[in-house]
Amino acid sequence: MERAADFLTGNYLLYVALLSWLAAQVCKTILDFILSGKLDLERMFGAGGMPSAHSALVCSLTISAARKYGVSSPFFAFAFVLAAIVMYDAMGVRRAAGEQAKVLNRIVDDWMSEDDEEENPLREGGKRLKEKVGHTPLEVLSGALLGILMAMVFPVT
């Protein structure tokens with residue numbers, strides 16, 4: 001039976017992909033702190049923002065598969081298709097969901113401010129929709145470049 005540490009270090013593709021995700025999440029948290037002036041640890045695990053951790057993960061997986069097994073391998077083909085789907089989804093469906101959340105949050109905020117005197121059912125719970133769920137093309141590109149860089153930096157094992 002393998003040791004627990006071998007689960008990560010013994011699998012080059014998984015190791016590089018997870019390190020790329022972690023690097024992107026750390027960068028995202030630091031950038032958010034610099035821009036907002038407050039430390040939001042939710043950025044370490046949350047979706048959306050700069051750079052895209054999903055793009056970093058799938059691009060590093062794709063490049064790692066190419067480096068280890070070659071571009072004609074089924075591993076590369078699978079990783080490439082997965083990367084294309086993930087990045088398209090991040091800029092399309094998930095980004096649209098974030099934009100819709102912004103509009104809905106604004107509508108609820110306006111409605112609640114107009115209705116201060118009356119009892120408002122939305123005041124109970126007061127939960128806002130998450131607005132940072134998707135990515136701009138620049139955020140996806142920066143995540144992709146980070147993932148590619150990470151895969152090129154780590155030697156193939």
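The values are calculated or read from the model by the stated rules, or taken from the named source; none is laboratory data. All figures in this text were calculated on a predicted structure; none of them were measured in a lab. For neighbour counting, all protein chains shown are included, and Cβ atoms are generated from backbone atoms with ideal geometry for every residue, glycine included.
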Check region 77-86 and report whether any residue there is at pLDDT 90 or above and either polar (S, T, N, Q) or not in a helix (DSSP H, G or I) (or both).
no
Does residue 72 count as in a helix (DSSP H, G or I), at pLDDT 95 or above, closer than 22 Å to residue 13 by Cβ and of a type in the set (S, T, N, Q)?
no
Taking region 5-30 as the region of interest, how many residues are surrounded by 14 or more Cβ atoms within 10 Å (Cβ to Cβ) and either under 14 Å from the mean Cα position of the chain (by Cα) or at pLDDT below 90 (or both)?
12
